[in-house]
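Working notes, beginning with the structure itself.
What follows is calculated from the coordinates using simple rules that are stated; it is not laboratory data. Please read all numbers here as calculations on a predicted model, not as lab measurements. FYI the Cβ positions are ideal-geometry reconstructions off the backbone, even for glycines, and counts take in every protein chain you see.
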């Protein structure tokens, strides 16, 4: 209940009830609280104290670690990016088709989370994405993340071409297109409430984009 | 200046300096002022008085016509939708390929405006789009507009199939995909600052989506 009480106050550790929480865990607690607070109040109305209300740590911890709302949100965006980049599980030995499909599915439908699921997280992510036009630092982080997703798709397309399982295409352009289509499929679900948008998007990618990768013009 | 002075105060006309302004013009003046105010302040910080600051009419006119900020923004979204739907100029006698290309270009690169151009307008539109998740009425209007764009593309794809110039495809799915890709191409320019995104998107649509419409598997 007390703020920074105990011997280690102000250092890398903070007392919470009887538990010691490391700096790394503290960050995660604050970040997850930020997720919940943003989901409830949205970016527009978010106050630092809403984040405090979502966690068991004392609110002072936030002010100790972050220099205001924008600083916290920049760190939060990095956290979201890491969480999603770290979550893509692809078998190293998978062939390019299997890897490409797995990456698309992961981005569209998301990894499993114990609580506070993928779509609640994506709702928050897409709202911050829309606000990036007004904040250069946020924009830079999101741009980097977007580019990393694109690059992971470009890489597998290039692998496939090298192995001769994909037709020769402009890998950069195809990677960008697939990344864009994934993004907008999620967004259509979130902004317009089209619950089947991700599934529809998956089918459209298959039938009208990935078909361009098929060697020999495909069947028929 | 004075508020609702003159003989017709409260009616369909309002005195502004020496000029009479009809209800239709009044709406347009308020809507264009809303565009400018949103571009400057963003949705989050917008106050009714910011709109008032952007027009020569007295601010009371806004309160006379609209029941608060959300009501005004709903009307504004309808205005934007009409403006863009009305702007698509397609030659009635154009063949399906030409019409399809014209529609895609119009949506991606926008019609000409005398002042306050397409990208300034789109910046405002995309910000409101992101907020639609929190407002059912706004969502409904945007959803309808999005669907109209999609439908206009579906129609031309169906025409092309009927005439035998396009291959048999799932017109609904292709129309949705093209509409989605246009949307995200604009958004990437606005949110991430990728100035060449619309051009890149245009090329990707051509090479990797429209190629699916080519009869006979195309050249080579």
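Among A:125, A:84, A:64, which one shows the biggest mean-square fluctuation in a GNM of chain A, springs joining Cα atoms closer than 10 Å?
Sorting by GNM fluctuation, first place goes to A:64.
Normalising by the residue count of chain A, find the relative contact order in percent from Cα pairs under 8 Å and 6+ residues apart.
With pairs under 8 Å counted, the relative contact order is 16 percent.
Return the average number of partner chain Cβ atoms within 10 angstrom of each residue Cβ along peptide A:164-176.
Across A:164-176, the average partner-chain Cβ count within 10 Å equals 2.
Starting from a label point 7 Å past Cα on the Cβ side, list the distances from residue B:214 to the same position in the other copies, nm, shortest first.
Label point to label point, same position, other copies: 1.5 nm.
Averaging over all projection directions, find the projected area of the Cα convex hull of the range A:118-157 and quote it in nm² with one decimal place.
Projected area, direction-averaged: 3.2 nm².
Just rank B:136, A:216, A:53, fewest to most, by other beta-carbon atoms within 10 angstrom.
Going from sparsest to densest Cβ surroundings: A:216, B:136, A:53.
Could you work out how far apart the two model spin labels at residue B:45 and residue A:172 are, taking each label as a point 7 Å from the Cα in the direction of the beta carbon, and quote it in nm?
3.6
I need the calculated FRET efficiency for the pair residue A:116 and residue B:93, taking r as the beta carbon distance and R₀ as 56 Å, to the nearest 0.05.
Efficiency computed from Cβ-Cβ geometry: 0.50.
In peptide B:184-191, how many Cβ atoms from other protein chains are near each Cβ within 10 Å, on average?
Going residue by residue through B:184-191 and averaging, the value is 6.
With a 10 Å cut-off between alpha carbons and a GNM built on chain B, which of B:92, B:140, B:82 moves the most?
Among B:92, B:140, B:82, the largest GNM mean-square fluctuation belongs to B:92.
Over all residues in B:199-207, what is the mean tally of Cβ atoms on other chains that come within 10 Å of each residue's Cβ?
Per-residue shielding by partner chains comes out at 3.
Given 37 °C and 0.692 mPa s, compute D for the range B:91-130 with the Stokes-Einstein relation, Rh being the Kirkwood radius over Cα pairs; round to the nearest whole µm²/s.
The diffusion coefficient I find is 281 µm²/s.
So what are the three principal axis dimensions of chain B from its Cα atoms, in whole Å, longest to shortest?
72, 37, 31
Could you work out how far helix B:23-45 tilts from the main Cα principal axis of chain B, as a 0 to 90 degree angle to the nearest 10?
80
How much of the calculated P(r) for the range A:63-138 lies past 20 Å, in percent of all Cα pairs?
Summing the P(r) tail past 20 Å for the range A:63-138 gives 44 percent.
Measuring from a point 7 Å out along Cα→Cβ, what nm distances, shortest first, does residue A:134 have to its partners in the other copies?
The answer, with the shortest distance listed first, is 1.0 nm.
Measure nothing but the geometry: give the 0 to 90° angle between the long axis through the Cα atoms of A:96-109 and the longest principal axis through the Cα atoms of chain A, rounded to 10°.
Compared with the principal axis, the helix lies near 40 degrees.
Could you tell me how far the Cα centroid of the range B:194-208 sits from the Cα centroid of the range B:84-134, in Å?
15
What angle do you read, to the nearest 10 degrees and between 0 and 90, between the alpha-carbon axis of helix B:136-162 and the longest principal axis of chain B?
Taking the Cα atoms of chain B, the angle to B:136-162 is about 30 degrees.
D for the protein assembly as shown, whole µm²/s, Stokes-Einstein with Kirkwood Rh over alpha-carbon pairs at 4 °C and 1.567 mPa s: what number?
Roughly 53 µm²/s, to the nearest whole number.
Would you compute, from DSSP H runs of 4+ residues alone, the mean residue ellipticity of chain B at 222 nm, taking -39500 (n - 2.57) per run and dividing by the full residue count, rounded to the nearest 500?
The per-residue figure over chain B is -21500 deg cm²/dmol.
Counting other beta carbons within 10 Å of each Cβ, put A:146, B:79 in order, fewest first.
Taking fewest neighbouring Cβ atoms as first place, the list is B:79, A:146.
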